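What follows is a set of notes on a single structure, which appears directly below.
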Amino acid sequence: MKSLLLFLSSFIIGVGTAVAVYVAIFASPIETELLRAHMGNAGSAYRAALAYETGQGIEQDFTQARHWYEVALARGARGGAMALASIYARGIGGPENMAGAISIYKMEAEAGNTQAQMQLARAAFLGNGMEKNETEGAAWVKKAAEAGSTEAMGLLGSLYYGGIGVPQNFDAAQKWLMKSGDKKAATLAEGIAATMEPIAALPPEMAAQAKQDAFATAKTTIRQMLATSLAKAPPKPQN
């Protein structure tokens, strides 16, 4: 028995050495990553997925990309988590899996990923993969804005302007619109100021009615803008 164990050990070491020599001499970078991925390396599984998704060093294959992203995530490599969520949401390389996408977005959003927070906001506003809830959608936008996402800042300002998912507040709207640094957002903020300035000069009763009218117009305008924006396919998240 001892001799058998020694033989098996030598055989395994020999095979391992042969594989290592082959990899060092003959294997391409992607072949090396695939060999390591098959041997359980999480980072290699992610890199193999990325190669299959982009077609870099190997023929593009979204089914294989999806598979290796799943393997990488299961092994704890979260670098491709957002890419996998996007693949699930778009039904690439397999059936659409919005439940899987939302699960990944939540995991990443709770870890502070602003892209994931914005994707969850979009899902909540649309009721796509989760119950439609404008308050929840606005809350995720606010998290992303507070974390520094300029896209979220502009959207949050618009939400405050229209009173969608948050209490209507023109001051907060102007603050976030200007903070975003976006030219269109700045123009909207200037429009708010131009609307409110003459209202402030009116007698109290007239001012109150004029303000209500301005709020109603803003809500209609922003809701239309939001519907148009959400109807567009979201950009593919960066890994």
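Table for the structure above
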| read-out | value |
| --- | --- |
| Highest-first arrangement of 173-185, 194-206, where packing means the average Cβ count within 10 Å | 173-185, 194-206 |
| Region 102-167 - Rg over Rh from alpha carbon coordinates, Kirkwood radius | 0.95 |
| Dipole in debye (nearest 20) - the chain, about Cα centre, beta carbon charges: Lys, Arg +1; Asp, Glu -1 | 320 debye |
| Cross-link table Lys106/Lys142; Lys175/Lys219; Lys132/Lys183; Lys132/Lys179; Lys106/Lys219; Lys106/Lys175, entries beyond 25 Å C-alpha to C-alpha | Lys132/Lys183; Lys132/Lys179; Lys106/Lys219; Lys106/Lys175 |
| Helix 134-146 axis, angle to the chain major axis (alpha carbon atoms, nearest 10°) | 80 degrees |
| Region 197-211 versus region 97-137: alpha-carbon centroid distance in Å | 40 Å |
| Computed over the chain, the ratio Rg/Rh where both radii use C-alpha atoms and Rh is Kirkwood | 1.23 |
| Size of charge dipole - region 28-96 - debye, nearest 20, with Cβ of Lys, Arg +1 and Asp, Glu -1, no other charges | 260 debye |
| Rounded to the nearest 20 debye, dipole of region 155-238 from Cβ charges on Lys, Arg, Asp, Glu | 500 debye |
| Cα lying deepest toward the dipole's positive end in region 80-239, options Leu230, Ser180, Val141, charges on Cβ | Leu230 |
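Bear in mind that the values in this text are calculations on the coordinates, not laboratory data. Just so it is clear, the model here is predicted, and its values are computed rather than measured. Ideal geometry is used to build each Cβ from the backbone, glycine not excepted, and the neighbour counts take in all protein chains shown.
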